[in-house]
Amino acid sequence: MAAITSRLVGASDNAAVLRLIAEVGTGLLGARGAAVLLKDPGGEPAVLAASDETAQFAELLRTDVRRGPCVDCIATAAVVAVPDLTLERDRWPGFATAALAAGYQAVVAVPLRLDGEAVGGFTLLFAAPTEPQPWQLSLAQVVSDLAVLALVRETGPRRADRLFEATLASLNDRVRHDQAVGVVAGVLGTDPDTARALVNDYAARHDRPLRDVARSLIDRTLDPADLTG
């Protein structure tokens, strides 16, 4: 939490804040997987940050975007808690089947709100049936609010427009980050998860925005070998 708030009052680095928020889900809140989703200008939920970058997890999130707890959470602007997914196969047949097959048995989706409207969701996936405790829901809502603050740091009628602009920028940052991870993995001959950790750790150690580190790796002004130093 200290790392998140220090980022908010320091130099703007939305990607780092959103990544830290996803890590709260798997750290403090005990989920096996977590993701921050926000509505894009077309109104569709898009993944801005995730604790797990595996193909299986990404596919599950795409399933959830089509129909799942996070979609319902955004539509109702309310928490959607599912302690046991085996009991919800009829409610979300596609999502429940995919989540259970991936080893997730419970889910909690918390709304990201701006001016009283749900603009996204913080999704937590658990490996065992889980009844969320009040403190967990409260903390999840706190970090959801921080996610919105990271993207919109102003008041007035332009807040919603600024949020859409920040969402597009964050989506572009995510694509650039993935490209940088591919560069590092290819040059160092390592797997994507290790490469991603190297990129993130380098940015944190040197207090540089992730987008700047990613850009430097892509245009080769930063040598991937320097990440291991």
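Looking across LEU146, LEU163, LEU198, LEU171, one residue alone is of a type in the set (A, V, I, L, M), in a helix (DSSP H, G or I) and at pLDDT 85 or above. It is LEU198. Collect the residues in the stretch 119-141 that are closer than 17 Å to ILE21 by Cβ, at pLDDT 90 or above and of a type in the set (A, V, I, L, M), keeping them in residue-number order. Within the stretch 119-141, LEU124, LEU125, LEU137, LEU139, ALA140 qualify.
Close Cβ contacts (under 8 Å, 6 or more residues apart or on different chains) running from residues in the stretch 112-129 that are touching a residue at least 24 places away in the same chain (Cβ under 8 Å) and open to solvent by 10 Å² or more (accessible area, probe 1.4 Å) to residues that are assigned to a loop (DSSP other than H, G, I, E, B) and among the charged types (D, E, K, R) comprise PHE126/ARG32; ALA127/ARG32; PRO129/ASP84.
The set of residues in the stretch 184-218 that are in contact with a helix residue (DSSP H, G or I) (Cβ under 6 Å, 6 or more places away or on another chain), open to solvent by 30 Å² or more (accessible area, probe 1.4 Å) and hydrophobic (A, V, I, L, M, F, W, C) comprises VAL187, LEU188, LEU198, ILE218.
The values are calculated or read from the model by the stated rules, or taken from the named source; none is laboratory data. Just so it is clear, the structure is predicted and the values come from calculations on it, not from any experiment. No Cβ is skipped: glycine too gets one built from the backbone with ideal geometry, and neighbour counts run over all protein chains shown. Calculation scope for accessible area: heavy atoms of the full protein, side chains included, ligands and nucleic acids excluded. Shrake-Rupley method; radii C 1.70, N 1.55, O 1.52, S 1.80 Å.
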